[in-house]
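The structure under discussion appears below in the form of structure tokens.
The values are calculated or read from the model by the stated rules, or taken from the named source; none is laboratory data. Keep in mind it's a predicted model, so treat the numbers as computed, not measured. Note: ideal-geometry Cβ built from the backbone for every residue, glycine included; neighbour counts use all protein chains shown.
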Amino acid sequence: MSESGLQLRTEVSDTGQLTLRLQEVQFPAPGEHEVLVKVEASPINPSDLGLLFGPADLTQATFSGTAELPEVTAQVPESLLRQISARADQSLPAGNEGAGQVIAAGSSDAAQSLLGKTVAILGGAMYAQYRVLKANQCLLMNEGVSARQGASCFVNPLTALGMVATMREEGHSALLHTAAASNLGQMLVKICLKDQVPLVNVVRKAENVELLKSLGAQHVLNSSDDDFMESL
């Protein structure tokens, strides 16, 4: 079972013109150990924004195309063209993670076990209506968990868990985290509380101090405070 559907593509020309467009793509039938997922949700992480827009000046973006196939164009400043040289004139898919329903599966037991199920998925090119992936790139959601709830299962959670694992592997006993009020930062607070890892959280606004303390964070510093360095 193959499917045709839309996929979001980003391309920057060698002269610096960024084009963001929807493109009709044929998604192949899944192989023995693969599944075909109908993508129902996908978050936009900072790393996704970097690929989608690069250093283009979006304040001067223009919109064209049709309602069904819109296009966005913007210009990368000449002084920043070197930043896009490696991707120049390449049409690239985007979207690190997502979630959806498995609508077709290969013949292997692992693939067949996911048929009809809601899964979180990792592997890039998630800003699309469909995605073919290996079964081991899928995380089965519990009954009742929606694709929207499961779409962010990988990038931030695994980063937060990886920070704690790296700390231990390198022989450290505590962590200091900046931008600590981000989604990742809030996850890290909860992980460190559960694992009894001392964590120093650095934020830039007073309201974020209160936010993290409401989650149970013990050490929260505001870098905008006059005594920040002394407190640190």
*Any idea which residue in segment 67-105 is nearest to GLN129 (Cα to Cα), counting only those that are among the charged types (D, E, K, R) and surrounded by fewer than 19 Cβ atoms within 10 Å (Cβ to Cβ)?*
GLU68
*Residue ranges of strands (runs of 3 or more DSSP E) in segment 1-118 with at least 3 members within 27 Å of CYS153 (Cα to Cα) and modelled with pLDDT under 95*: none
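Being part of a loop (DSSP other than H, G, I, E, B), touching a residue at least 12 places away in the same chain (Cβ under 8 Å) and surrounded by fewer than 18 Cβ atoms within 10 Å (Cβ to Cβ) is the filter here, so list the residues in segment 142-161 that pass it. Spell out how you get there, then give the answer.
Of the residues in segment 142-161, the ones part of a loop (DSSP other than H, G, I, E, B) are 142-146, 151-154.
Imposing the further condition that a residue be touching a residue at least 12 places away in the same chain (Cβ under 8 Å) reduces the set to 145-146, 151-154.
VAL145, SER146 - these are the residues of segment 142-161 that are part of a loop (DSSP other than H, G, I, E, B), touching a residue at least 12 places away in the same chain (Cβ under 8 Å) and surrounded by fewer than 18 Cβ atoms within 10 Å (Cβ to Cβ).
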*Scan segment 48-67 for residues that are touching a residue at least 40 places away in the same chain (Cβ under 8 Å) and either in contact with a strand residue (DSSP E or B) (Cβ under 8 Å, 6 or more places away or on another chain) or hydroxyl-bearing (Ser, Thr, Tyr) (or both) and jot them down.*
LEU51, LEU52, PHE53, GLY54, ALA56, GLY65
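I'd like the full set of residues that are touching a strand residue (DSSP E or B) at 6+ places or on another chain (Cβ under 9 Å) and either surrounded by fewer than 19 Cβ atoms within 10 Å (Cβ to Cβ) or not small (Gly, Ala, Ser) (or both), limited to segment 170-190.
Pass one, segment 170-190, residues touching a strand residue (DSSP E or B) at 6+ places or on another chain (Cβ under 9 Å): 174-181, 184-185, 188-189.
Listed by number, the residues that qualify are ALA174, LEU175, LEU176, HIS177, THR178, ALA179, LEU184, LEU188, VAL189.
To keep it simple, each residue is scored yes or no on (1) farther than 18 Å from LEU133 by Cβ; (2) among the charged types (D, E, K, R); (3) surrounded by fewer than 17 Cβ atoms within 10 Å (Cβ to Cβ).
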{"site": "GLN7", "(1), (2), (3)": "no, no, no"}
{"site": "VAL37", "(1), (2), (3)": "no, no, no"}
{"site": "ASP48", "(1), (2), (3)": "no, yes, no"}
{"site": "ASP57", "(1), (2), (3)": "yes, yes, yes"}
{"site": "GLY65", "(1), (2), (3)": "yes, no, yes"}
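Could you tell me which of the residues SER2, SER91, SER13 is touching a residue at least 12 places away in the same chain (Cβ under 8 Å), touching a Lys or Arg at 6+ places or on another chain (Cβ under 8 Å) and more than 22 Å from ALA151 (Cα to Cα)?
On the way: SER2 fails: touching a Lys or Arg at 6+ places or on another chain (Cβ under 8 Å); SER13 fails: touching a Lys or Arg at 6+ places or on another chain (Cβ under 8 Å).
That would be SER91, the only listed residue that is touching a residue at least 12 places away in the same chain (Cβ under 8 Å), touching a Lys or Arg at 6+ places or on another chain (Cβ under 8 Å) and more than 22 Å from ALA151 (Cα to Cα).
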